[in-house]
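Read through the structure below, which is laid out as structure tokens, and then see the notes.
None of the figures in this text is laboratory data; all of them are computed from the coordinates on show. Owing to the predicted nature of the structure, the values given are computational and were not obtained by experimental measurement. Every residue, glycine among them, receives a Cβ derived from its backbone with ideal geometry; neighbour counts consider all protein chains shown.
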Amino acid sequence: MNMMRKKTLLAAMAVAATVLVAPSVQAGDKISLMVGGYEKHIYLPAKLAESLGYFKAEGLDVELLNEPAGVDAENEMLAGAVQGVVGFYDHCVDLQTKGKYVESVVQFAHAPGEVELVSSKYPNVKSMADLKGKNLGVTGLGSSTNFLTQYLMVKAGVPIDAFTSIPVGAGTTLIAAMTQDKVQAAMTTEPTISRLLKTGEARVLVDMRTIEKTRQALGGTYPAASLYMPTEWVEKNKPTVQKLANAFVKTLKYISTHSAAEITEKMPKDFYVGDKQSYIKALADGKGMFTSDGVMPAGGPETVLAVLSGFSKNVKGKTVDLSKTYTTEFVKNVK
């Protein structure tokens, strides 16, 4: 009996020790997020949250994976390889028309932060209409840059089949495509914009880096960068989603209350591409695109639906329940 009691006591002590040394991060709190190019300013909150330690503060073990084209990031999520995507909200609308329900749980931006650049080799191009017959660079076919390019061309009276969308990624691959004249114009973001403008290789044709200029180009506020996740996964993992929302909303508040120079210091140095001052200036000019609270801007989803309906056969004429493409449940619970 004494031996049995000793064994029972030892077993109980072992269990207690295991509980005491168990890590604070539970298995369900290990999250993989695919970012549609985490060096881009538009997706800066992902790396910044990591750098500031906000994920760890929430007890999360977050792995950020990099995929330059948003559409490829979306595909990784749909395949179950990652739990969420840091990408454009418009994918949530587009996917619903295909019977797939995903939702923005934290809205990072209310402007795309993107620009249509035209090569300096084509001084006669004064509008999107002048790009008829040209090769237009996008990050990937089916990406948000592709969506916006098609919309702007159709709005300018150019049919979809009267120009060619060429997937060229971002950064150095896009720059090479433009300097080699493989594309005559391209939709891109910072810091690529500043790099091409500084060398004189390109100029701005359409600017969507601020709310005001976005309204001029697209007819309203255009909610863009976000954290979106499959609705089914969100419903089954609300505590984890709340922790993610906590971390990202704190990050957005940090962006709104700190200078571009202070934010830049928190980013990986290779993001500067050898030109820290240009990085700071571009961020100072563009950080107004970010929301300060992660809440979906009023009227934004309607603008996105109108834009996609303007050119996409998948969306045009389809019934879309916009209330199922985003949620404010988690961001409004952030304390």
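Of note:
- Counting only Cβ charges, +1 for Lys and Arg and -1 for Asp and Glu, the dipole size of segment 164-226 around its Cα centre is about 60 debye.
- When the charge dipole of the chain is built from unit charges on Cβ atoms (+1 for Lys and Arg, -1 for Asp and Glu) and taken about the Cα centre, the candidate among ALA224, GLY294, SER194 whose Cα reaches farthest toward its positive end is GLY294.
- The alpha carbons of segment 114-208 occupy a box of 32, 28, 24 Å along the principal axes, longest dimension given first.
- Positive-end ranking of GLN184, GLY169, VAL115 along the dipole of segment 114-208, with charges on Cβ about the Cα centre, is headed by GLN184.
- From most to least packed by mean Cβ count within 10 Å, the peptides 176-183, 302-309 give 302-309, 176-183.
- Placing unit charges on the Cβ atoms only, positive for Lys and Arg and negative for Asp and Glu, gives segment 94-216 a dipole magnitude near 180 debye about its Cα centre.
- Listed residues VAL62, VAL118, VAL241, most fluctuating in the chain (Gaussian network, C-alpha, under 10 Å): VAL62
- With an a/c value of 1.5 or above and a/b not larger than b/c for the gyration tensor axes a ≥ b ≥ c computed over the alpha-carbon atoms, segment 275-335 is described as oblate.
- Inter-part distance, segment 73-151 to segment 255-282, computed on C-alpha centroids, equals 24 Å.
- Cα gyration tensor, segment 183-326 - rounded (a/c under 1.5), prolate or oblate: oblate
- Net charge dipole, the chain: roughly 440 debye, given to the nearest 20, about the Cα centre with Cβ charges of +1 for Lys and Arg and -1 for Asp and Glu.
- When the listed pairs LYS213/LYS266; LYS56/LYS335; LYS238/LYS335 are checked against a 21 Å cut-off, the alpha-carbon distance exceeds it for LYS213/LYS266.
- Cross-link partners of LYS98 among lysines (Cα-Cα below 23 Å; sequence separation of 8 or more within a chain): LYS236, LYS313, LYS316, LYS318, LYS324
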